[in-house]
1. Can you name the residue in the range 242-279 that is at pLDDT 90 or above and assigned to a strand (DSSP E or B) and is also surrounded by the fewest Cβ atoms within 10 Å (Cβ to Cβ) among such residues?
2. So how many residues does the range 152-178 have that are open to solvent by less than 50 Å² (accessible area, probe 1.4 Å) and of a type in the set (Val, Ile, Thr)?
3. Going residue by residue through the range 179-190, is there one that turns out to be open to solvent by 60 Å² or more (accessible area, probe 1.4 Å) and within 13 Å of the ligand (Cβ to nearest atom)?
4. Going by what's in this entry, would residue 135 be described as under 17 Å from residue 196 (Cβ atoms), within 16 Å of the ligand (Cβ to nearest atom) and open to solvent by 30 Å² or more (accessible area, probe 1.4 Å)?
5. Among 85, 120, 115, which is within 15 Å of the chain's Cα centre (by Cα) and farther than 24 Å from residue 49 by Cβ?
6. Condition (residue is of a type in the set (D, E, K, R), at pLDDT 95 or above and out of contact with any Cys (no Cβ under 9 Å at 6 or more places or on another chain)) applied to the range 10-18: is it met by at least one residue?
7. Take the conditions modelled with pLDDT of 95 or more, within 16 Å of the ligand (Cβ to nearest atom), open to solvent by less than 50 Å² (accessible area, probe 1.4 Å) and closer than 27 Å to residue 172 by Cβ and apply them to residue 71. Does it pass?
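The values are calculated or read from the model by the stated rules, or taken from the named source; none is laboratory data. Note that this is a predicted model, so its numbers are computed, not measured. With ideal geometry, Cβ positions are generated from the backbone for all residues, glycine too; neighbour counts draw on all protein chains shown. To get the accessible areas, we keep the full protein, side chains included, count just its heavy atoms, and leave off ligands, DNA and RNA. Shrake-Rupley method; radii C 1.70, N 1.55, O 1.52, S 1.80 Å.
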Amino acid sequence: MSDLYTHARSAADHLLAQTKHRPKLGIILGSGLGDFANSVEDAVAVPYSEIPHFPQSTVEGHSGRMVLGTIAGVPVAVMQGRVHAYEGYRMDEVTFPARVLGLMGVQTLIVTNAAGGIRADFAPGSIVGISDHINLTGTNAALGRNEPRFAVTQGSGLRFFDMTTAYTPRLLQLAQETAQQHGWSMQTGVYIAVLGPSYETPAEIRAFRTLGADLVGMSTVHEVIVARHMGMEVLGLSLVTNAAAGVTSESIDHSEVMEHGKHAAERFSALLTAIIPKAVTE
Ligand code: CYT
């Protein structure tokens, strides 16, 4: 744990040595959304296995490489695949890549995931902007001794840090406007994170709805916590892959979750490509 900063620094330096680009924006691609990494221009792809101290993903559909290059002229670092707590990784491992992105100079982080729709009007295949989250995983990625050297913007890296606008309102609005320009309206919702790997029960989904959640998944919140600790701005996008348990009479199947990722991939990529040049600030 005390080596976390040093390890993240050496991973960041290793990655920066592979490219002339200096990424301003980072993207973490969720289940079934990895294809977007193929649209990076002037790309260098570094397998996670070659990055010092980087955790390796064990899940199907998470291929595990960092793609460095540009999208619409913006220098980016795109993570194709992430590791999850349900694979048995500690919180510092789950969020190590987000720490590395920050240390590489990323100030804007786009986190994406495949989620179950708790709201009945979130049809499978729709892309929903995350307005806020509920961390129900029982743990927190910022556990342990505070490390102020993780601050990427002034006033960040604090022991206790604000989560009032964890999902940057400007970026959420930008995503909605961009979706509208592409001819569809993007709804927003609250994402609740559970540990997994079991999908939720219908009773849990009813409880989550009562708690104020609109989407459910097994990722994202830890990365967002770390990003906010470091002072990055965050945009969260969920691809609704299925109705959550009990919302319809269907059961939930991982292959169905992956299939929806593939179908929505084109729309998702078009949206991201249009958002990126407008998301970065000077
Ligand atoms: N779906 C999903 N729960 C779901 O129902 N993709 C994650 C968690």
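1. 243
2. So the count comes out to 4.
3. No, the range 179-190 contains no residue that is open to solvent by 60 Å² or more (accessible area, probe 1.4 Å) and within 13 Å of the ligand (Cβ to nearest atom).
4. Yes.
5. Only one candidate qualifies: 115.
6. Scanning the range 10-18, I find at least one residue that is of a type in the set (D, E, K, R), at pLDDT 95 or above and out of contact with any Cys (no Cβ under 9 Å at 6 or more places or on another chain), so the answer is yes.
7. Judged against the criteria, residue 71 is not a match.
For (1) at pLDDT 95 or above; (2) closer than 18 Å to residue 8 by Cα; (3) crowded, with 18+ Cβ neighbours inside 10 Å; (4) away from the ligand (no atom under 16 Å from the Cβ), each residue gets a yes or a no:
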{"position": "35", "(1), (2), (3), (4)": "no, no, no, yes"}
{"position": "60", "(1), (2), (3), (4)": "no, no, no, no"}
{"position": "85", "(1), (2), (3), (4)": "no, no, yes, no"}
{"position": "96", "(1), (2), (3), (4)": "yes, yes, yes, yes"}
{"position": "114", "(1), (2), (3), (4)": "no, no, yes, no"}
{"position": "120", "(1), (2), (3), (4)": "no, no, no, no"}
{"position": "130", "(1), (2), (3), (4)": "yes, no, yes, no"}
